[in-house]
Amino acid sequence: FSSRRRHTRYISVTGVQTCALPIFEMTLPESQLFRMLASFFGKDSIMWNMSVRAVCGGEYPAVDGQSLIEVARWAESANCLFTLVDGCDTPKMVIEFTPDFTSIIELERFERHNRLPAMLGACGIQYITVSRAELDEMLDPSSSLDFVSFLKDKFGIDESGGDDEPGS
């Protein structure tokens with residue numbers, strides 16, 4: 001399958017080839033979350049819009065009694081917002097915005113919200129979500145919620161250093 005690394009565009013300026021940054025089409029909240037993740041984990045460790053196929057290594061576990069063909073069909077067309085990878089490009093965690101079902105429930109988003117966490121969990125990949133309100137709070141300099149506190153809360157780590165089962 002295709003490489004998980006970002007494709008870099010090269011341009012020629014006055015005959016000298018220079019390397020341009022990857023071109024992304026992120027929304028403002030996505031770019032704010034990306035900057036936060038990149039500053040914490042390093043920009044080379046955060047992959048944007050990685051396919052579920054690549055995140056799962058091309059192997060799909062059976063989820064919720066569905067056939068592998070159904071799971072694969074869905075996974076082939078889905079992407080993860082941000083994927084944290086280790087130094088060998090192995091996916092370790094997926095971070096996405098919490099779906100907002102307050103006014104309208106889109107079937108595709110609802111299906112994704114039900115399938116993706118189970119699929120990633122079966123592949124040993126952590127899945128966490130961030131609400132827009134949580135992001136806004138982390139970006140507010142006067143707020144007590146910072147990114148480290150947010151992660152500790154999501155993974156059930158208390159201030160004394162003990163930890164429970166990771167959560168999402």
Problem - Whole-percent carbon and sulfur share, accessible surface of the range 20-159, 1.4 Å - result: 53 percent
Handout entry: ³J(HN,Hα), Karplus 6.51/-1.76/1.60, whole Hz, each residue of the range 54-59, x for Gly, Pro
Key = 5, 4, 7, x, x, 10
Exercise for the section: For every other residue with a beta carbon closer than 12 angstrom to the beta carbon of GLU137, add +1 if it is Lys or Arg and -1 if Asp or Glu, then tell me the sum. Expected result: -4
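Quick one: grab the alpha carbon gyration tensor of the range 60-124, order the square roots of its eigenvalues as a ≥ b ≥ c, and give me rounded if a/c is under 1.5, else prolate or oblate depending on whether a/b is larger than b/c.
Oblate.
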Completion exercise
Residue-normalised value, i.e. accessible area per residue, for the range 87-132 at 1.4 Å probe, in Å², stands at 55 Å²
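The values are calculated or read from the model by the stated rules, or taken from the named source; none is laboratory data. As the structure is a computational prediction, the values presented were derived from the model and not from experiment. Methodologically, a virtual Cβ is constructed for each residue, glycine included, from the backbone with ideal geometry; neighbour enumeration extends over all protein chains shown. Accessible surface is based on the protein model in full, side chains and every heavy atom, while ligands, DNA and RNA are left aside. Shrake-Rupley method; radii C 1.70, N 1.55, O 1.52, S 1.80 Å.
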